[in-house]
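*Asks:* Shown below is the structure under consideration.
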2 protein chains.
Amino acid sequence: MNEIKKVEKDEKLIVNICGEIFNRKEAKISVFDRGFLYGDSVYEVARTYNGIPFLLQEHLDRLWHSASLLNLSINYTQDEIVHQVNRALAELGEENAYIRIIITRGEEGILSLDPTFAKSNNLVIIVKDQTPNPKSWYQDGVKVILAKTQRTNRMAVDPNIKSGNYLNSVLAIMEARKEGVYDAIMLNVLGNITEGSHSNIWMAKGKNLVTPPLTAGILEGITRKMLIQLAKGNNIQVDQKDITPNELINADEVFFTSTTREIVPVTQIDNSPIGLGQPGNMTKELIKIYSKFIHQQTVDQSGNG
Amino acid sequence: MNEIKKVEKDEKLIVNICGEIFNRKEAKISVFDRGFLYGDSVYEVARTYNGIPFLLQEHLDRLWHSASLLNLSINYTQDEIVHQVNRALAELGEENAYIRIIITRGEEGILSLDPTFAKSNNLVIIVKDQTPNPKSWYQDGVKVILAKTQRTNRMAVDPNIKSGNYLNSVLAIMEARKEGVYDAIMLNVLGNITEGSHSNIWMAKGKNLVTPPLTAGILEGITRKMLIQLAKGNNIQVDQKDITPNELINADEVFFTSTTREIVPVTQIDNSPIGLGQPGNMTKELIKIYSKFIHQQTVDQSGNG
């Protein structure tokens, strides 16, 4: 059974709703907000290291991209959002912070699915202490299963839209919890690997890295995007191509990437050990490369590095 | 271009949140509610005729069924919910009311997809005046298109779960609005007809009725369910079987069913007229049968009929 992150009862947390600062208990939104009624919203999760937002521009660009795929117009500029994020972070006063930015299509004019009647966006920014993840995830790797829940088809709602419709992933993570494992990897209609409930998946075979292409129906992770560039810069070949469950289980190494968890080795899938059943050398090497990149992007720029 | 229901600026409306009554402006929910964060909620839309809730028990049963498919446990009894609905209706004081009942998985303990950390349900009941639908829908029928948006696959998130994840339908209705038509009918991965963005679809061919089976990936509509029984009782054969787009376009008659709209004739699909391009005799007959049923279930029981 994998270690699960503990609930902290008095988590320090600040919410900025459309420019007003709230504490946890006061932070409320209209029940007529389309984000609440239909999950008609887009969001991003970013973070800071040493007080410096990490790749925030990339996250804002993806937020805009998600919105455009839903034809959800954003009445804020990116600068305004950065300003509101910084206000919330200043109020929080933590060096390592989690940042959630949600933009909804706004409040309903009438109760109708039809977005024509929506009013202007609501902006909700939640910042909190980014507590460290369990060390065991990185030292021992995590166990996962292949989900029975299929990834939502791109033609229905493209998983590349980071939206308020997350039940597909909730169903997958419930399967994982039932089996006492870290996460569940979903397949697409064709039976190919897509991603975990909140992370992209990768495998190493020989000296090459493989990760599913966007056409498999996945979110274009920002850690994924960065790691593709970093791997290439370190002469590691990365192929974006479809992966079958068999290929994944028979890979030398498997790992997840995500913003808040970075690179997490996967050492077991459906009771089969991956490689030697412990984090592999390629994964360890990539963790080092990615840590260095984070350092360059944050500590160094703060004048502390 | 079909008539679209108008926005009423000062709609009379009452909200009951976990037993407390609010007006529109005050009705708010925590931004940490999983309904807002992930669309992790289930809901129903019911209505009253002449002050009497219509088929409320059927709606509550479906609400419970949706919740069970999401493994979302409900801490309320059905009687408690009926009591809170009645309190909201009494406050509203309208004969013909719209009733929306939303149950969310509750507020987050921490920000995590994992529902293990959810606290107890939030219950939101919205009641408002059920304004009459445009007469033209029933007299002239409505025009629709076949959507490019595919219906979410049952293996991903079963469309038979009436949940807070409604972007799939929002994308479909946006296609319809763009073309200036009433609605868009979605196909499943196999290319068969499923349903409209908020209504079940039916066709008449000869003396028989056909509507897609649950296995096509649809919501089991309560109007659909009642009409299947009523048609049988009136010696009209109903087949629940897969329908291809071609079969639908070449049907004698086509119509939608939904709780708030009842039976709506469809007279054009993708610019092709259905039958004679006007509501057909079978549809008109079913509208009469259904009206009689509503009357029996409501007016008669109130002692007015």
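*Asks:* Output the residues belonging to the stretch A:72-105 that are of a type in the set (S, T, Y), farther than 30 Å from B:T260 by Cβ and within 14 Å of chain B (Cβ to nearest Cβ).
*Replies:* The one that is of a type in the set (S, T, Y), farther than 30 Å from B:T260 by Cβ and within 14 Å of chain B (Cβ to nearest Cβ): A:Y98.
*Asks:* Considering only the stretch A:177-236, state which residues are within 16 Å of B:A156 (Cβ to Cβ) and in a helix (DSSP H, G or I).
*Replies:* A:A216
*Asks:* Please enumerate the residues belonging to the stretch B:133-154 that are more than 13 Å from A:L167 (Cβ to Cβ) and either without any contact (Cβ under 8 Å) to a residue 24 or more places away in the chain or β-branched (V, I, T) (or both).
*Replies:* B:K135, B:V142, B:V144, B:I145, B:T149
*Asks:* Answer yes or no: is there a residue in the stretch B:124-139 that is out of contact with any Pro (no Cβ under 7 Å at 6 or more places or on another chain) and within 26 Å of A:K148 (Cα to Cα).
*Replies:* no
*Asks:* What number of residues within the stretch B:241-250 satisfy the criterion of being touching a strand residue (DSSP E or B) at 6+ places or on another chain (Cβ under 7 Å), surrounded by 15 or more Cβ atoms within 10 Å (Cβ to Cβ) and not in a helix (DSSP H, G or I)?
*Replies:* Residues in the stretch B:241-250 being touching a strand residue (DSSP E or B) at 6+ places or on another chain (Cβ under 7 Å), surrounded by 15 or more Cβ atoms within 10 Å (Cβ to Cβ) and not in a helix (DSSP H, G or I): 1 in total.
*Asks:* For the structure I just gave you, tell me whether A:V170 is without any contact (Cβ under 8 Å) to a residue 60 or more places away in the chain, among the hydrophobic types (A, V, I, L, M, F, W, C), within 7 Å of chain B (Cβ to nearest Cβ) and closer than 23 Å to B:P115 by Cα.
*Replies:* So A:V170 fits the description; yes.
*Asks:* Would you point out which residue out of A:L230, A:L190, A:L214 is surrounded by fewer than 19 Cβ atoms within 10 Å (Cβ to Cβ), closer than 30 Å to A:G106 by Cα and not aromatic (F, W, Y)?
*Replies:* Testing whether each residue is surrounded by fewer than 19 Cβ atoms within 10 Å (Cβ to Cβ), closer than 30 Å to A:G106 by Cα and not aromatic (F, W, Y) leaves just A:L214.
Rundown of residues vs (1) within 27 Å of B:P115 (Cα to Cα); (2) away from chain B (no Cβ under 14 Å); (3) out of contact with any strand residue (DSSP E or B) (no Cβ under 7 Å at 6 or more places or on another chain), yes/no style:
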residue	(1), (2), (3)
A:K205	no, yes, yes
A:L209	no, yes, no
A:K232	no, yes, no
A:Q268	yes, yes, no
A:I274	no, yes, no
A:Q278	no, yes, no
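*Asks:* Report yes if A:V124 is under 18 Å from the mean Cα position of the chain (by Cα), surrounded by 18 or more Cβ atoms within 10 Å (Cβ to Cβ) and within 12 Å of chain B (Cβ to nearest Cβ), otherwise no.
*Replies:* yes
*Asks:* Output yes when any residue across the stretch A:22-36 is assigned to a strand (DSSP E or B) and farther than 26 Å from B:R100 by Cα, and no when none is.
*Replies:* Scanning the stretch A:22-36 turns up at least one residue that is assigned to a strand (DSSP E or B) and farther than 26 Å from B:R100 by Cα.
*Asks:* Something else: List every residue pair whose Cβ atoms sit under 6 Å apart, with the two residues 6 or more apart in sequence or on different chains, where the first one lies in the stretch A:6-20 and is within 14 Å of A:V127 (Cβ to Cβ) and part of a loop (DSSP other than H, G, I, E, B) and the second, anywhere, is among the acidic types (D, E) and at pLDDT 85 or above.
*Replies:* Listed by first residue and then by second, the contacts come to A:K12/A:D129.
*Asks:* Whether any residue in the stretch B:153-161 is at pLDDT 95 or above, more than 10 Å from chain A (Cβ to nearest Cβ) and surrounded by 21 or more Cβ atoms within 10 Å (Cβ to Cβ) is what I want to check.
*Replies:* Among the residues of the stretch B:153-161, not one is at pLDDT 95 or above, more than 10 Å from chain A (Cβ to nearest Cβ) and surrounded by 21 or more Cβ atoms within 10 Å (Cβ to Cβ), which makes the answer no.
*Asks:* Sticking with this one: Could you please find all residues in the stretch B:92-121 being basic (K, R) and either crowded, with 17+ Cβ neighbours inside 10 Å or under 18 Å from the mean Cα position of the chain (by Cα) (or both)?
*Replies:* B:R100, B:R105 - these are the residues of the stretch B:92-121 that are basic (K, R) and either crowded, with 17+ Cβ neighbours inside 10 Å or under 18 Å from the mean Cα position of the chain (by Cα) (or both).
*Asks:* Mind checking which residues of the stretch B:140-171 are under 15 Å from the mean Cα position of the chain (by Cα) and small (G, A, S)?
*Replies:* Correct list: B:S163, B:G164, B:S169.
*Asks:* Which of the numbered conditions does A:E108 fail, given that it passes all the others? Conditions: (1) within 12 Å of chain B (Cβ to nearest Cβ); (2) at pLDDT 95 or above.
*Replies:* That leaves (2) as the condition not met.
*Asks:* Sticking with this structure for a sec: Which ones in the stretch A:133-145 are surrounded by fewer than 23 Cβ atoms within 10 Å (Cβ to Cβ) and either small (G, A, S) or facing another protein chain (nearest Cβ under 9 Å) (or both)?
*Replies:* A:S136
*Asks:* Mind listing whichever residues of the stretch B:39-68 are in contact with a strand residue (DSSP E or B) (Cβ under 9 Å, 6 or more places away or on another chain) and closer than 16 Å to B:P115 by Cβ?
*Replies:* B:G39, B:D40, B:S41, B:V42, B:S66, B:A67
*Asks:* Would you confirm, using the coordinates I've provided, whether A:K148 is more than 10 Å from every other protein chain (Cβ to nearest Cβ) and among the basic types (K, R)?
*Replies:* Against the criterion (more than 10 Å from every other protein chain (Cβ to nearest Cβ) and among the basic types (K, R)), A:K148 does not qualify.
*Asks:* It is to be established whether one or more residues within the stretch B:217-225 are within 14 Å of chain A (Cβ to nearest Cβ), over 15 Å from B:T257 (Cβ atoms) and crowded, with 22+ Cβ neighbours inside 10 Å.
*Replies:* yes
*Asks:* Looking at (1) assigned to a strand (DSSP E or B); (2) away from chain B (no Cβ under 14 Å), can you tell me which one A:V45 breaks?
*Replies:* Going through (1) assigned to a strand (DSSP E or B); (2) away from chain B (no Cβ under 14 Å) one by one, A:V45 breaks only (2).
*Asks:* Name the pairs: first residue in the stretch B:67-81 and under 11 Å from B:V42 (Cα atoms), second residue outside any loop (DSSP other than H, G, I, E, B) and among the aromatic types (F, W, Y), Cβ to Cβ under 8 Å, at least 6 apart or on different chains?
*Replies:* Within 8 Å, the pairs are B:I74/B:W64.
*Asks:* Run down A:I236, A:I222 and say which single residue is modelled with pLDDT of 95 or more, of a type in the set (A, V, I, L, M, F, W, C) and touching a helix residue (DSSP H, G or I) at 6+ places or on another chain (Cβ under 7 Å).
*Replies:* When all the criteria are applied, what remains is A:I222.
The values are calculated or read from the model by the stated rules, or taken from the named source; none is laboratory data. Because the structure is predicted, anything quoted here is derived from the model rather than measured. A quick note on method: Cβ atoms are made from the backbone with ideal geometry, for glycine too, and the neighbour counts reach across all protein chains shown.
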